[in-house]
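Q: Sharing a structure, written as structure tokens. Questions coming.
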Amino acid sequence: MAIKRMDNVGIVVEDLDRAIEFFVELGLELEGRATIEGEWAGRVTGLGDQHVEIAMMKTPDGHSRLELSRFLRPAVIADHRRAPVNALGYLRVMFAVDDLDQTLARLDKHGAELVGEVVDYQGVYRLCYIRGPEGLLIGLAEELG
């Protein structure tokens, strides 16, 4: 038996509206927003009675999704947003873009900060990491040729 697909990647944020604006500027589409609460949801997450606002973002090709979550209850207990690239655990999302320089210019208006440099990987990709809203680590890759 094989998996069918990767359904989505989840990111917990403090400011859901700001995160949505950033990812829309990057090129994702807001697929929908919802509030999830109650004991049933806590049985899935192990958090007990929870209340969370979510926004589902999808890539232009419709194959990938990013779930942004803002927890109202229970309170957030840890913050990994400023962890360096070599920290253990889930760390970043990488997006393929058609024009890296143009993407960086657009995201700069939303507070994106370049982590290191834009580099050329063997003439195949131009790559970089940025810090997006709330310090989230995001990779960007432009395929060359």
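The values are calculated or read from the model by the stated rules, or taken from the named source; none is laboratory data. Fair warning: this is a prediction, and the values are worked out from it, not measured in the lab. Backbone-built Cβ (ideal geometry, glycine too); neighbour counts: all protein chains shown.
Q: If you take the residues of segment 95-127 that are aliphatic (A, V, I, L, M), under 29 Å from residue 62 (Cβ atoms) and more than 19 Å from the chain's Cα centre (by Cα), which of them is surrounded by the fewest Cβ atoms within 10 Å (Cβ to Cβ)?
A: Taking the candidates together, the pick is 124.
For (1) assigned to a helix (DSSP H, G or I); (2) touching a His at 6+ places or on another chain (Cβ under 9 Å); (3) at positive phi; (4) loosely packed, with under 11 Cβ neighbours inside 10 Å, each residue gets a yes or a no:
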{"site": "11", "(1), (2), (3), (4)": "no, no, no, no"}
{"site": "22", "(1), (2), (3), (4)": "yes, yes, no, no"}
{"site": "42", "(1), (2), (3), (4)": "yes, no, no, no"}
{"site": "85", "(1), (2), (3), (4)": "no, no, no, no"}
{"site": "89", "(1), (2), (3), (4)": "no, yes, yes, yes"}
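Q: Further question on the same structure: Which one of 22, 71 is without any contact (Cβ under 8 Å) to a residue 60 or more places away in the chain and among the aromatic types (Phe, Trp, Tyr)? Walk me through it before giving the result.
A: Values: 22 fails: without any contact (Cβ under 8 Å) to a residue 60 or more places away in the chain.
The unique qualifying residue is 71.
Q: Please enumerate the residues belonging to segment 44-54 that are among the β-branched types (Val, Ile, Thr) and either assigned to a strand (DSSP E or B) or farther than 24 Å from residue 19 by Cα (or both). Please lay out each step first, then the result.
A: First, pick out the residues of segment 44-54 that are among the β-branched types (Val, Ile, Thr): 44-45, 52, 54.
Scanning segment 44-54 gives 44, 52, 54.
Matching residues to (1) under 26 Å from residue 77 (Cα atoms); (2) of a type in the set (A, V, I, L, M, F, W, C); (3) modelled with pLDDT of 85 or more:
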{"position": "1", "(1), (2), (3)": "no, yes, no"}
{"position": "6", "(1), (2), (3)": "no, yes, no"}
{"position": "12", "(1), (2), (3)": "yes, yes, yes"}
{"position": "29", "(1), (2), (3)": "no, no, yes"}
{"position": "33", "(1), (2), (3)": "yes, no, yes"}
{"position": "39", "(1), (2), (3)": "yes, no, no"}
{"position": "42", "(1), (2), (3)": "yes, no, no"}
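Q: All but one of (1) in a loop (DSSP other than H, G, I, E, B); (2) at pLDDT 95 or above hold for residue 103; which doesn't?
A: Every listed condition holds for residue 103 apart from (1).
Q: How about segment 60-102: which of its residues are in contact with an Asp or Glu (Cβ under 8 Å, 6 or more places away or on another chain) and under 13 Å from residue 140 (Cβ atoms)?
A: Hits for segment 60-102 are 96, 97, 98, 99, 100.
Q: Name every residue in segment 64-119 that is among the charged types (D, E, K, R), touching a helix residue (DSSP H, G or I) at 6+ places or on another chain (Cβ under 8 Å) and farther than 15 Å from residue 131 by Cβ, in order of residue number.
A: To start, the set of residues in segment 64-119 that are among the charged types (D, E, K, R) comprises 65, 67, 70, 73, 79, 81-82, 92, 98-99, 101, 106, 108-109, 113, 117.
Going one step further and asking which of them are touching a helix residue (DSSP H, G or I) at 6+ places or on another chain (Cβ under 8 Å), we end up with 70, 81-82, 106, 109.
Selection gives 70, 106.
Q: Let me ask you something else. Condition (residue is surrounded by 11 or more Cβ atoms within 10 Å (Cβ to Cβ) and either over 21 Å from residue 7 (Cα atoms) or not assigned by TED's automatic domain parsing to the domain that holds residue 31 (or both)) applied to segment 50-64: is it met by at least one residue?
A: So in segment 50-64, the residues surrounded by 11 or more Cβ atoms within 10 Å (Cβ to Cβ) come out as 50-59, 64.
Narrowing the set further to residues that are either over 21 Å from residue 7 (Cα atoms) or not assigned by TED's automatic domain parsing to the domain that holds residue 31 (or both) leaves 50-51.
Among the residues of segment 50-64, at least one is surrounded by 11 or more Cβ atoms within 10 Å (Cβ to Cβ) and either over 21 Å from residue 7 (Cα atoms) or not assigned by TED's automatic domain parsing to the domain that holds residue 31 (or both), which makes the answer yes.
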